[in-house]
Amino acid sequence: MHPDLSRTGRLQPGRERGDRGLPGKARPHLEPPLSSPPTDKRRSLSEAVAEQVHDGDAVALGLALESGIPFAAVHEIIRQERKDLTLIGPISDMAFDQLIGAGAVARVIAAWVGNVAGGSGYAFRRAFEHGIPRPLAMEDHSNFSVGLALKAAAMGVPYLPTFTGFGGDIVRDHPRIRQLADPFGGPDVLAVGALRPDVAIIHVQRADRQGNAHLWGNLGLTVEAAYAARRTIVTCEEIVPEEVIRSDPNRTVIPGFLVTAVVEEPGGALPSSVQGYWRRDFQPFLDYHRTSRTVDGLTAWLGQWVLEIPDRRTYLERLGPQARERLAVRDQRLAAAANFAP
């Protein structure tokens, strides 16, 4: 899967960097050539989080909007009691709210934090408005501007220009958006500064042991975040032989050289949907929104569905066989075969 780079250096956006300042400091860094043999990057979820997610990290997740949210990884981060995280994403559904309510988050860079089944997240509002369980800083974005910020980092450029945002409140006194004169004599533009996560966590349908990942359906900002991040954890429904990945190279939207750990975690995005594998489970979103209205209710919910559950297998067992069967996608709507013969 890897190109032959034995004769030249290259920019490696997925490698660990030395520029560990505030999120958004996108500085291209020339890495050594990729000449080592393929690496087996398989880990358990607890190992991947322990190795790749650190206190104070900027973590991008929920990047495909309402589908493929890596809830298994979110819950493992809570169980491992990470602190002072910065969360990056567009609309994360209730994943961000759970991390905030668990006291893991110091800052949010996002377009919206809440629950599409109910509205703005109660844990988010308590933290932002009242400092419960801890004060929370917010960098407000639109879905488009956070996408531009990640795209700029993925490209290794300091910013990307846009007209979108003029006349809106978001850009007023924004720490990452500046109005610039067009050097070619056109109208002014808005420059959206690059945003580089320390780690991106992405759930896909399948990957091989090197981390080459197939993803189809809604992509959202998944690809931009994978290329922008210093490290990337891929969780997947199944780890497949390399031949399966090679058979459909255009579906490999995340190449293995960007990935630092790959985790086989069936159902790892539930209760969100995964195209071709799982339907969205609406009831947990409704239950969480109702229960998290109070601190005591949130504490009880986190205990029942996160802290008392050691892993995703136990989560699926707690759902029960009827729920698993109801949520599993049994229909088939196959794409037409593609001929890759030269």
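Please treat every number below as a calculation from the coordinates, not as lab data. In this text the structure is predicted, and so the values were computed from the model without any measurement. Backbone-built Cβ (ideal geometry, glycine too); neighbour counts: all protein chains shown.
Sorted from greatest to least, the principal axis extents spanned by the alpha carbons of the chain come out as 55, 52, 36 Å.
Available extension along the chain between A337 and H54 is 97.6 nm, counting 0.36 nm per residue and deducting the alpha carbon span.
Here segment 74-220 is treated with +1 on each Lys and Arg Cβ and -1 on each Asp and Glu Cβ, and its dipole about the Cα centre works out to around 320 debye. Residues considered: S44, S67, S273. Largest GNM mean-square fluctuation over the chain, using C-alpha springs under 10 Å, is found at S44.
I want to verify a result. In a Gaussian network model of the chain, Cα cutoff 10 Å, which of these has the top mean-square fluctuation: N218, N115, N250? The residue that fluctuates most here is N250. Of the residues P133, P197, P183, the one that moves most in a GNM of the chain with alpha-carbon contacts below 10 Å is P183. As a ratio to 2.2 N^0.38 Å, the alpha-carbon radius of gyration for segment 164-235 is 1.54. Work through the residues other than F163 whose Cβ is under 12 Å from its Cβ and net out their charges, Lys, Arg +1 and Asp, Glu -1. Its environment carries a net charge of -2. Shape descriptor for segment 42-113: Rg over Rh equals 0.93 (Cα atoms; Rh from the Kirkwood inverse mean 1/r). Antiparallel versus total DSSP beta bridges in segment 152-277: what percent is that, nearest 5? The answer is about 50 percent antiparallel. For segment 209-342, the alpha-carbon radius of gyration amounts to 1.24 times the rule-of-thumb value 2.2 N^0.38 Å expected for a compact globular protein.
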